[in-house]
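**Q** Sending over a structure as structure tokens; questions will come in a sec.
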Amino acid sequence: MTKYYLLENRDLFFPSNTYTIDVTDKKFLKTIKTIKKDKIPVFVTYKRKPIDSYDDSFSEEDVFDSNGFNVFFGTYGQLTIDKKNKKYEYQCYGIAEVKSGVYNNNHVEHLEINIREVVDNGFDKTGLLNSIRTNFLNYLKRENFDIDYYKTDDLEKFINKNIKFFPIDKMLKQRVLFLLDLEKKAIFLNRSLEAFLVGNSFKREIDEKVRANIDTQQKEYFLREQMKVVQDELKQISPEDDDIEKIRQAINDIELSEEDKAVLLKEVDRLEKTPVMSPEHSIIRTYLDTVVALPWNILTADEIDIKNAEKILNEDHYGLEKIKERILEFLAVKKLRDDMKSPILCLSGPPGVGKSSLAKSIAASMGRSFVRISLGGVHDEAEIRGHRRTYLGALPGKIIQSLKKIKTKNPVILLDEIDKMASDIKGDPAAAMLEVIDPAQNNEFVDHYLDIPFDLSKVLFIATANNLSLIPAPLRDRMEVIELESYTIKEKENIAAKYLIPRQIKENGLKKGQITFSKQAINKIINGYTYEAGVRNLERVFGSICRKAALKVLQGEEKIKVGVTNLEDFAGPEKYSSKDKNVKPEIGLVNGLAYTVVGGDTLEIETSVSKGNGKIILTGKLGDVMKESAQMAISYLRSNAENLNIENINFSEIDIHLHVPEGAVPKDGPSAGITITTSVYSALTKKPVDNNIAMTGEMTLHGKVLPIGGVKEKILSSEKMNINTIIIPTKNKKDLIDIPKEVLEKLTIYSVDSIQEVFKIVFGE
């Protein structure tokens, strides 16, 4: 059996002809080198899918290309290779289809084909040939073509040899090529010639039908209307034609540059010429529908009323005075200068402090539409910039999709959890986000799917983040960071009474007055049932209580009062208690203050000393920085043993074990430096540390205390643990201005510059 080798080529080849062709198919060129022959049998086809995906049991539903042709059809013949002159001659023998393929390492080695013969049903070939020849000669005469056409009395050969001169497009010629019924093939060509010849006689009638609807100066429009009338006469007009015209008109109405508009109109022309049943048609149509649906010219009028905006912010949020002030400043400038570039705000803070709801309030205060885009876990650049249309199932990015949905060009877009984006092999979405939020660039943002610029400069972007350190520096630099800090207990009490409880009463079907909470109960819920910087879990607890209350109401109770005495009946036993931590002064046990992405927390550090050989044992899942702080603390104590009155301790004969409880939780950072040093010193000297003291600060090898971050959150966490004495670095005294007075009044705060000052406060030395 003859082995045929696969050659992909976009040209049309008819049997009984020899063609000089260009061979660019890389796989085929490799095949030529492998078989080392000057003449090889080939199967030539349009290729739409990898041939490697085919097998002997293919489905006919999967074998059509974008023009509706069977991708297994092609022509077969012999390829003559002139290696010296780098020329390829293809002698086309006939039509064939793929039967099966032989594969090697995921590559087509060769094919087996079924040769398809043109069917002759015994019709009057002579009469049909004469008619085609007459029409063909009339066409050549009318167009003044002086060509040497092929003269023969063989109908099939006449068609194959002269088809290149026929006045039909490539798509129709392809249909003629693969039409195996000779009579149908001949009749189709004869009617095509007749239609072309009588076209002039129809022209006057067509002009009369379309003249009322066209501008005589628009040649393209004129020709398009002509084509529609011709299609109507042939009863082949498509129901989509009106829609296509609407799309074309909509594109003309969009405010775009002439270059971009020309690109879109070219796509409309492609859509008009592509068969409806073709997959390409739906791809183009989806693209154009997306473009037309975007709010290119639609702007929401800003309704900025400073007093109303302030009212909205106060109604929706308790406290946050600095943040509210910054928002009102922005609105005031926006009111005075309408053409100002919108700043990119980044609301940073622990979970549950109201970042997302604050963004909604900003949108409401401006009278703009609001849309939220979740960026948590996004690791594909295409989710921001969109997919290129060469990909199957391509879509625009999240930004463009949101604008299409919201139907306005200037909404407030919340980029939620911008610090949770990740990069991998699919690209870096944070890098793609640079163009989105940069006011200097986003007026011409190019989504890969659209491939034309869209103006994002009117959009007010607001990002939220829990941990700013996870945001790449270039992206962070383009945003104005507004930090939302942890709520104090008093603030939580007010938020609970004003917002959380009324909302949960309503959401759980209760009426006002059916359930009430005492102030003591609210305080106990805050301190005993939640441990967070925000109020998200606090609201969940109130929701749980309200659900139990709803059940009691249906069981006959009219009014329910939740107090300290019956709180456990509704919320269960307390989950958190200050008594759980460091209930009395102990040797080697010191309270440290830590800052996490969920707010401030206390960190107990404990040290024990035992006989040994100078080992330092560190446990509690400590990070590298914290381990280094421990090493440095011990080095400081050893080098300053005489000044600290511990010169009698032989460090080579003892083991020092430092542990930080909650061993499953990773811990890291330099701010535990003075805490670790104090803990080790306490263990060495057998001096207990007051359990009402907590401290934070980075320490150098020479005992200097350096400033740290998150002071407010750390101090608020000490309030939770009923700690009344705080030690902080002197350079952090400026941060105390952000702490509410009612908190500061309960605390004694010491500022220190050296570890000796810490020892003096803790041990009285």
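**Q** Shape verdict for the stretch 453-595, please, from the Cα gyration tensor: rounded (a/c under 1.5), prolate (a/b greater than b/c) or oblate.
**A** Here the stretch 453-595 falls in the oblate category.
**Q** Something else: Need one number: % antiparallel among DSSP beta bridges in the stretch 579-763, to the nearest 5.
**A** Of all bridge pairs located within the stretch 579-763, approximately 55 percent are antiparallel.
**Q** Further, regarding this structure: Straight distance only, please: which aspartates and glutamates reach the Cα of K712 with their own Cα at less than 18 Å, same-chain residues fewer than 8 apart left out?
**A** Within the straight-line cut-off, K712 pairs with E321, E483, E485, E491, E532, D601, E698, D735, D738, E742, E745.
**Q** Determine the percent antiparallel among the DSSP beta bridges restricted to the stretch 662-765, to the nearest 5. List each step's numbers first, then the result.
**A** Numbers: 3 of 11 bridges.
Counting DSSP beta bridges with both partners in the stretch 662-765, the antiparallel share is about 25 percent.
**Q** Something else about it: Please give the net charge around D120, taking every other residue with its beta carbon less than 10 angstrom from that of D120, where Lys and Arg add +1 and Asp and Glu add -1.
**A** -3
**Q** Here is a follow-up. Quick one: divide the alpha-carbon radius of gyration of the stretch 319-420 by 2.2 N^0.38 Å and tell me what you get.
**A** Ratio of Rg to 2.2 N^0.38 Å for the stretch 319-420: 1.24.
**Q** Which of the trypsin sites (Lys or Arg not before Pro) found in the stretch 300-346 are in a DSSP loop and have at most 15 neighbouring Cβ atoms, other than their own, within 10 Å? Show your work: numbers first, answer last.
**A** Details: sites: K307, K311, K322, K324, R326, K334, K335, R337, K341; in loops: R337, K341.
Sparse-neighbourhood loop trypsin sites (Lys or Arg not before Pro): R337, K341.
**Q** Place a +1 charge on the Cβ of each Lys and Arg in the chain and a -1 charge on the Cβ of each Asp and Glu, then give the dipole magnitude about the Cα centre in debye, rounded to the nearest 20.
**A** Roughly 540 debye for the chain.
**Q** Report, by chain and number, residues whose modeled amide H sits under 5 Å from the one on M699, excluding near sequence neighbours (fewer than 5 apart, same chain).
**A** The list, which skips near neighbours in sequence, is G673, I674, L706.
**Q** Over the chain, what relative contact order in percent results from Cα pairs under 8 Å that are six or more residues apart?
**A** Values: 1272 pairs, mean separation 56.7, N = 765.
Worked out over the chain, it gives 7 percent.
**Q** Provide the per-residue ³J(HN,Hα) series for the stretch 433-440, in order, calculated from phi with Karplus coefficients 6.51, -1.76, 1.60 and θ = phi - 60°, each as a whole number of Hz, with x at glycine and proline positions.
**A** 5, 4, 5, 5, 9, 6, x, 7
**Q** Anything over 24 Å Cα to Cα? Flag those among K26/K87; K83/K161; K611/K714; K519/K552; K341/K498; K36/K84, in the order listed.
**A** K83/K161; K611/K714; K341/K498
**Q** Taking a 27 Å limit on the Cα-Cα distance, which of the listed pairs K524/K548; K524/K760; K704/K734; K27/K99 fall beyond it?
**A** K524/K760
**Q** A further question follows. Between the DSSP loop rule and a limit of at most 13 other Cβ atoms within 10 Å, which trypsin sites (Lys or Arg not before Pro) in the stretch 479-535 are left?
**A** Listed in order of number, the matching sites are K511, K512.
**Q** By the gyration tensor of its Cα atoms, with a ≥ b ≥ c the square roots of the eigenvalues, what is the shape of the chain: rounded for a/c under 1.5, prolate for a/b over b/c, or oblate?
**A** Since a/c reaches 1.5 and a/b is larger than b/c, the shape of the chain is classed as prolate.
**Q** Return the sequence-ordered ³J(HN,Hα) values of the stretch 608-624 in whole Hz as given by the Karplus equation 6.51 cos²θ - 1.76 cosθ + 1.60 applied to θ = phi - 60°, using x for Gly and Pro.
**A** Per residue, the Karplus-derived 3J(HN,Hα) values read 10, 10, 9, 5, x, 10, x, 6, 10, 10, 10, 10, x, 6, 7, x, 4 Hz.
**Q** With point charges of +1 on the Cβ of Lys and Arg and -1 on the Cβ of Asp and Glu, referenced to the Cα centre of the chain, which listed residue (I115, N523, L29) lies farthest in the positive direction of the dipole?
**A** Positive-most Cα among the choices belongs to N523.
**Q** Let me ask another. Enumerate the calculated ³J(HN,Hα) couplings along the stretch 325-335 in order (Karplus 6.51 cos²θ - 1.76 cosθ + 1.60, θ = phi - 60°), each rounded to whole Hz, writing x wherever the residue is Gly or Pro.
**A** 4, 5, 5, 5, 4, 4, 5, 5, 5, 4, 5
**Q** Quick one: order V590, V541 by neighbouring beta-carbon count within 10 Å, fewest to most.
**A** The most exposed by this proxy come first: V541, V590.
**Q** What angle do you read, to the nearest 10 degrees and between 0 and 90, between the alpha-carbon axis of helix 258-273 and the longest principal axis of the chain?
**A** Around 50 degrees separate the two axes.
**Q** Do any chymotrypsin sites (Phe, Trp or Tyr not before Pro) in the stretch 533-577 lie in a DSSP loop with no more than 16 other beta carbon atoms within 10 Å, and if so, which? Don't skip to the answer; put the middle values down first.
**A** Details: sites: F542, F570, Y576; in loops: Y576.
Qualifying residues, ordered by number: Y576.
**Q** Can I ask one more? So for the stretch 125-197, what percent of the C-alpha to C-alpha distances run longer than 16 Å?
**A** 43
**Q** At a 10 angstrom cut-off on C-beta neighbours, averaged per residue, how do the peptides 250-257, 381-388, 751-758 rank from highest to lowest? Walk me through the intermediate numbers first.
**A** Numbers: 250-257: 14.1, 381-388: 21.8, 751-758: 18.6.
So the order, starting with the most tightly packed, is 381-388, 751-758, 250-257.
**Q** Given H placed on each backbone N at 1.01 Å, which residues far from S754 in sequence or on other chains put an amide H within less than 5 Å of it?
**A** V705
**Q** For a quick check: with amide H placed at 1.01 Å from N, whose amide H comes under 5 Å from A463's, ignoring anything fewer than 5 positions away on the same chain?
**A** The answer is L345, C346, L347, L415.
**Q** Taking +1 at the Cβ of each Lys and Arg and -1 at the Cβ of each Asp and Glu, which of A549, L456, A630 sits farthest along the dipole of the chain towards its positive end, judged by Cα position relative to the Cα centre?
**A** About the Cα centre, the residue reaching furthest to the positive side is A549.
**Q** If you take every DSSP beta bridge whose two residues both sit in the chain, what share of them, in percent to the nearest 5, is antiparallel?
**A** Details: 54 of 94 bridges.
The antiparallel proportion sits near 55 percent.
**Q** Just rank M632, M171, M277, fewest to most, by other beta-carbon atoms within 10 angstrom.
**A** Details: M632 18, M171 14, M277 11.
By the 10 Å Cβ count, ascending, the order reads M277, M171, M632.
**Q** Further question: Apply the a/c threshold of 1.5 to the C-alpha gyration tensor of the stretch 363-411 and tell me whether it is rounded, prolate or oblate.
**A** Here the stretch 363-411 falls in the oblate category.
**Q** Treat the count of other C-beta atoms within 10 Å as a stand-in for reagent exposure and order L140, L177, L29 from fewest to most.
**A** Fewest to most other Cβ atoms nearby, the residues stand as L29, L140, L177.
**Q** Magnitude of the Cβ-charge dipole of the stretch 125-197, K/R +1 and D/E -1, about the Cα centre, nearest 20 debye?
**A** The calculated dipole for the stretch 125-197 is roughly 120 debye.
**Q** Could you work out the helix-only [θ] at 222 nm for the chain, with each DSSP H run of four or more residues adding -39,500 (n - 2.57) and the total divided by the number of residues, to the nearest 500 deg cm²/dmol?
**A** On the way: 27 runs with 298 residues, N = 765.
Only helices count here, giving -12000 deg cm²/dmol.
**Q** If you take the charge dipole of the chain about its Cα centre, with +1 on Lys and Arg Cβ and -1 on Asp and Glu Cβ, which of L684, L415, I617 is farthest toward its positive end?
**A** L684
**Q** Got the relative contact order for the stretch 125-197 handy, in percent, Cα pairs under 8 Å and 6 or more residues apart?
**A** On the way: 39 pairs, mean separation 34.6, N = 73.
Rounded, it is 47 percent for the stretch 125-197.
**Q** With +1 assigned to the C-beta of every Lys and Arg and -1 to the C-beta of every Asp and Glu, and no other charges, what is the dipole magnitude of the stretch 579-763 about the Cα centre in debye, to the nearest 20?
**A** 140
Laboratory data are not the source of any read-out in this text; all were calculated from the coordinates shown. Being a predicted model, the structure only gives us computed values, none of them experimental. Every residue, glycine as well, gets a Cβ built from its backbone with ideal geometry; the counts of neighbours run over all protein chains shown.
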